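Enquirer: I have a structure here, written as structure tokens, and I will follow up with some questions on it.
The values are calculated or read from the model by the stated rules, or taken from the named source; none is laboratory data. Keep in mind that what you see is a predicted model, and the values were worked out from it rather than measured. Cβ sites come from the backbone with ideal geometry, for glycine too, and all protein chains shown count toward neighbours.
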Amino acid sequence: MSDTPQQPAEQTAAQASGAARGLTLEEILRGREGEIVLSRPGEELTRISALTARQKVTAYVGMEISHMMGGDAPALVWRQGALVWRVPVRLTSPQRGVLGYVGALDVDAYSGRLLIPPELHAELERHAAALVEHTPSPTTV
């Protein structure tokens, strides 16, 4: 007789079947506790680049709010179940150069749609006015 205890035949068969089949791709790629799977093989994480997001924001704020505003380098952010490019909006002046940031505009990283909150125009204009007021004028020589 053997010193190892015998396992029921059905349990041994199930274990052998599981070991023989290996792991599925879903099992390997499934997010572990505290993780979120952002992209699976064959799926695009984003359809638009950071540069395209920045260009979209620059075109929008330049045409709709002020030609002295433009987008800067964005960050990729997880927002309300989707990835967005958060593009900072900066204010510039022909005499003073870049004055600073006045807000941000999000761009859906998959569709490229601008996510424009209702208060965006007023917020950017308010921050721009405050920035201009507190920026010293250039001195003339």
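Enquirer: Six or more apart or on different chains, Cβ under 6 Å: which pairs go from a residue in segment 98-127 that's surrounded by fewer than 16 Cβ atoms within 10 Å (Cβ to Cβ) to one that's of a type in the set (A, V, I, L, M) and assigned to a loop (DSSP other than H, G, I, E, B)? Could you list them?
Expert: Gly112/Ile48; His121/Ile65
Enquirer: Do we have any residue at all in segment 55-62 that's under 13 Å from Leu124 (Cα atoms), surrounded by fewer than 17 Cβ atoms within 10 Å (Cβ to Cβ) and of a type outside the set (Phe, Trp, Tyr)?
Expert: Yes; the residues of segment 55-62 include at least one that is under 13 Å from Leu124 (Cα atoms), surrounded by fewer than 17 Cβ atoms within 10 Å (Cβ to Cβ) and of a type outside the set (Phe, Trp, Tyr).
Enquirer: Restricted to segment 67-114, and to residues that are touching an Asp or Glu at 6+ places or on another chain (Cβ under 8 Å) and not aliphatic (A, V, I, L, M), which residue is nearest to Glu43 (Cα to Cα)?
Expert: Tyr110
Enquirer: Looking at (1) modelled with pLDDT of 75 or more; (2) loosely packed, with under 10 Cβ neighbours inside 10 Å; (3) within 29 Å of Val87 (Cβ to Cβ), which is the one condition that is false for Ile36?
Expert: Result: Ile36 passes all but (1).
Enquirer: Please give the number of the condition Gln80 fails out of (1) free of Cβ contacts under 8 Å to residues at least 12 places away in the same chain; (2) polar (S, T, N, Q); (3) closer than 30 Å to Ser137 by Cβ.
Expert: (3)
Enquirer: OK, next. Give just the number: which of (1) outside any helix (DSSP H, G or I); (2) modelled with pLDDT under 95 does Val107 not satisfy?
Expert: It fails just one condition, (2).
Enquirer: Considering only residues that are in contact (Cβ under 8 Å) with a residue 40 or more places away in the chain, part of a helix (DSSP H, G or I) and surrounded by fewer than 18 Cβ atoms within 10 Å (Cβ to Cβ), which ones fall in segment 128-141?
Expert: Those that are in contact (Cβ under 8 Å) with a residue 40 or more places away in the chain, part of a helix (DSSP H, G or I) and surrounded by fewer than 18 Cβ atoms within 10 Å (Cβ to Cβ): Leu131, Val132.
Enquirer: While we're looking at this one, here's another question. Taking segment 101-141 as the region of interest, how many residues are in contact with a strand residue (DSSP E or B) (Cβ under 6 Å, 6 or more places away or on another chain) and more than 30 Å from Ser39 (Cα to Cα)?
Expert: 8
Enquirer: Can you pull out the residues in segment 50-88 that are out of contact with any His (no Cβ under 9 Å at 6 or more places or on another chain) and assigned to a loop (DSSP other than H, G, I, E, B)?
Expert: Correct list: Ser66, His67, Met68, Asp72, Ala73, Pro74, Gln80, Gly81.
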